[in-house]
Amino acid sequence: MTFTETKLKGCFIIEPKIINDERGYFMESFNEKVFQNGVGSEVHFVQDNQSFSSKGVLRGLHYQTGQHAQAKLVRVLHGEVLDVAVDIRPGSETFGHYEAVLLSAENQKQFFVPRGFAHGFLVISETATFFYKCDNFYNKESEGGIKFNDSEINIDWQFDVENLIISEKDQNLPNLSNSKKAW
C-alpha cells in the first residue's frame, strides 16, 4: 500500500497494491499493522458502516465531538464519489481548509480522515456503495455538522448545486463559525 499525506496533516490517501490476472484482481484492503505504520498512529477500528446512494446525493459534512470523536477510513465499493474532509481542529494551521479526493471502485483508493475533521461525500456516478471504518462508536449527543456550502470553507463540489439531493437535516446544518467545536 502507498500512503500519501495530504495538505491536511493526518489525512492520507491510500492506494492498495492490486494484483490483476485473467481471473480478475486481488488486493489487501486493510491490514492493521501496515495501516498504523502508514499513518504513523495507533488507530483501532471498532465499527464498519456502509451506505448506498444515487447520483447527486451529498451526505455531510458530519463529525463527532469530544470523547466520541471518530477517525474514518473510507472507500467506494461500487461507483464514484467526491470525498471531502475539512479540518476543524482548534488551533490547526489548516483550520477550515478542505481536501477533496475522487474515490471509486475502479481506482480502489481509500481516504483516512482522522479525528478532528468534518467529513462528507457527493455521489457522482449513477449509484455508489460507500464503505467506512470508524475508530469510535456513534453517539447521537456528540453529533456535529457543517453546511455543505459554507462560504468560509468554499468547497468546490464539482457538481451543479441545483441538482444536489441533500437531507433536510444536512440542509439545516450550521456554518463552520456556528458549529460545535471538535473537542
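The values are calculated or read from the model by the stated rules, or taken from the named source; none is laboratory data. Computed from a predicted structure; not experimentally measured. No Cβ is skipped: glycine too gets one built from the backbone with ideal geometry, and neighbour counts run over all protein chains shown.
In the stretch 19-36, is there at least one residue being surrounded by 17 or more Cβ atoms within 10 Å (Cβ to Cβ) and either more than 17 Å from Phe117 (Cα to Cα) or at pLDDT 95 or above (or both)?
Step one: filter the stretch 19-36 for residues surrounded by 17 or more Cβ atoms within 10 Å (Cβ to Cβ), giving 35.
Filter once more, keeping what is either more than 17 Å from Phe117 (Cα to Cα) or at pLDDT 95 or above (or both): 35.
Yes, there is a match, as at least one residue in the stretch 19-36 is surrounded by 17 or more Cβ atoms within 10 Å (Cβ to Cβ) and either more than 17 Å from Phe117 (Cα to Cα) or at pLDDT 95 or above (or both).
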Exercise for the section: Please specify each residue of the stretch 138-173 satisfying the condition of being under 16 Å from the mean Cα position of the chain (by Cα), in a loop (DSSP other than H, G, I, E, B) and not β-branched (Val, Ile, Thr). Expected result: Tyr138, Lys147, Phe148, Asp156, Trp157
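For Val161, state whether it is at pLDDT below 95 and of a type in the set (A, V, I, L, M, F, W, C).
Values: at pLDDT below 95: yes; of a type in the set (A, V, I, L, M, F, W, C): yes.
Yes, satisfied.
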Fill in the blank from the handout: All-but-one check, Thr65 against (1) within 15 Å of the chain's Cα centre (by Cα); (2) of a type in the set (Val, Ile, Thr); (3) surrounded by fewer than 22 Cβ atoms within 10 Å (Cβ to Cβ); (4) within 12 Å of Gly116 (Cα to Cα), failing number (1)
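A quick yes/no check of all residues on (1) of a type in the set (Phe, Trp, Tyr); (2) touching an Asp or Glu at 6+ places or on another chain (Cβ under 7 Å); (3) crowded, with 18+ Cβ neighbours inside 10 Å:
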| residue | (1), (2), (3) |
| --- | --- |
| Ser125 | no, yes, no |
| Ala128 | no, yes, yes |
| Phe137 | yes, no, no |
| Asp156 | no, no, no |
| Glu162 | no, no, no |
| Ser167 | no, no, no |
| Asn172 | no, no, no |
Exercise for the section: Show the residue pairs that are 6+ apart or on different chains and have beta-carbon atoms under 7 Å apart, the first residue being within the stretch 1-27 and part of a loop (DSSP other than H, G, I, E, B), the second being at pLDDT 95 or above and small (Gly, Ala, Ser). Expected result: Met1/Gly38; Leu8/Ala85; Cys11/Ala85
Handout entry: Matching residues in the stretch 44-92 - criterion: being free of Cβ contacts under 8 Å to residues at least 40 places away in the same chain and assigned to a loop (DSSP other than H, G, I, E, B)
Key = Gly91
